[in-house]
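Contents: one structure, followed by commentary.
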Amino acid sequence: MLRGLRLKCPDCGQTSLYGSFFKMKHHCAHCGLVFEREQGYFIGALYINVIATESLLLFLFIAYYMTRPVSEDALYMILFSLALILPLIFFRHSRSLWLSIDHIVEPNAKRVEPEDG
Ligand SMILES: [Zn+2]
């Protein structure tokens, strides 16, 4: 799970999952674990992303009513902005965490021949 939070291969932890900001690599160059799976595989990552975003918004909403540091209008503007931005920020981590969870459940996933081993 820590490898998932660090966006590393869930099996060996040697390779970054992403080649660019939003583009996930096809497989791990070190151990050959395939990252890109069949269509629909990352639907669980969507749930992780929604749960993380909504949990944070709920926490901020409750914290607001305990402290009331800004007006209610400002609160709604902040929460609305965060509701749009957080899923984009958390996108890579939610996919990485989903891949880690799947690796814990099914450690013998599809592999290709490693490139540097
Ligand atoms: Zn690997």
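Along the positive direction of the dipole of the chain (beta-carbon charges: Lys, Arg +1; Asp, Glu -1; about the Cα centre), which of I85, G4, T53 reaches farthest?
Towards the positive end, the residue furthest out is G4.
Return the FRET efficiency for the residue pair Y76, I43: r is the Cβ-Cβ distance, R0 is 25 Å, and the value is rounded to the nearest 0.05.
Computed FRET efficiency for Y76 and I43 comes out at 0.25.
Solvent-accessible area per residue for the chain at a 1.4 Å probe radius, Å²?
64
Quick one: angle between helix 72-105 and the longest Cα principal axis of the chain, in degrees between 0 and 90, rounded to 10, please.
Its long axis makes an angle of about 20 degrees.
Students often get this wrong: which residues of the range 77-117 have the backbone nitrogen under 19 Å from the point 7 angstrom along Cα-to-C-beta of M1?
Of the residues in the range 77-117, 90-107 have backbone N under 19 Å from the label point off M1.
Based on Cβ point charges of +1 for Lys and Arg and -1 for Asp and Glu, what charge dipole magnitude is obtained for the chain about its Cα centre, in debye rounded to the nearest 20? Don't skip to the end; give the middle numbers.
Values: 11 positive and 11 negative charges, 36 e Å.
Around 180 debye, computed over the chain.
When we measure straight from the Cα of K23, which aspartates and glutamates land under 18 angstrom away, once same-chain ones fewer than 8 places off are left out?
E36, E38
Any idea what the alpha-carbon Rg over 2.2 N^0.38 Å comes to for the chain?
1.32
Translational diffusion coefficient of the range 1-65 at 4 °C, 1.567 mPa s, Stokes-Einstein with Kirkwood Rh over Cα pairs, in µm²/s as a whole number.
The diffusion coefficient I find is 95 µm²/s.
By the 4.7 Å beta carbon criterion, which cysteine residues of the chain come out unpaired?
none
At 1.4 Å probe size, with the rest of the protein present, what percent of the exposed accessible area of the chain is carbon and sulfur atoms?
Its accessible area is 66 percent carbon and sulfur atoms.
Return one number: the angle in degrees, 0 to 90 and rounded to the nearest 10, between the long axis of the Cα atoms of helix 43-67 and the longest principal axis of the Cα atoms of the chain.
Helix 43-67 and the main axis of the chain meet at about 30 degrees.
Tell me what the chain gives for mean residue ellipticity at 222 nm when only DSSP H runs of n ≥ 4 count, each as -39,500 (n - 2.57), the sum divided by the residue total, rounded to 500 deg cm²/dmol.
Counting only the DSSP helices, I get -18500 deg cm²/dmol.
Determine, for each peptide in 96-104, 18-26, the mean count of other beta carbons within 10 angstrom over its residues, then list the peptides with the highest first.
Ranking the peptides 96-104, 18-26 by packing returns 96-104, 18-26.
The values are calculated or read from the model by the stated rules, or taken from the named source; none is laboratory data. These figures come from a predicted structure and were not determined experimentally. Because the Cβ atoms are built from the backbone with ideal geometry, glycine has one as well, and the counts that use them run over all protein chains shown. In case anyone asks, the SASA skips ligands and DNA or RNA and just uses the protein heavy atoms, side chains included. Shrake-Rupley method; radii C 1.70, N 1.55, O 1.52, S 1.80 Å.
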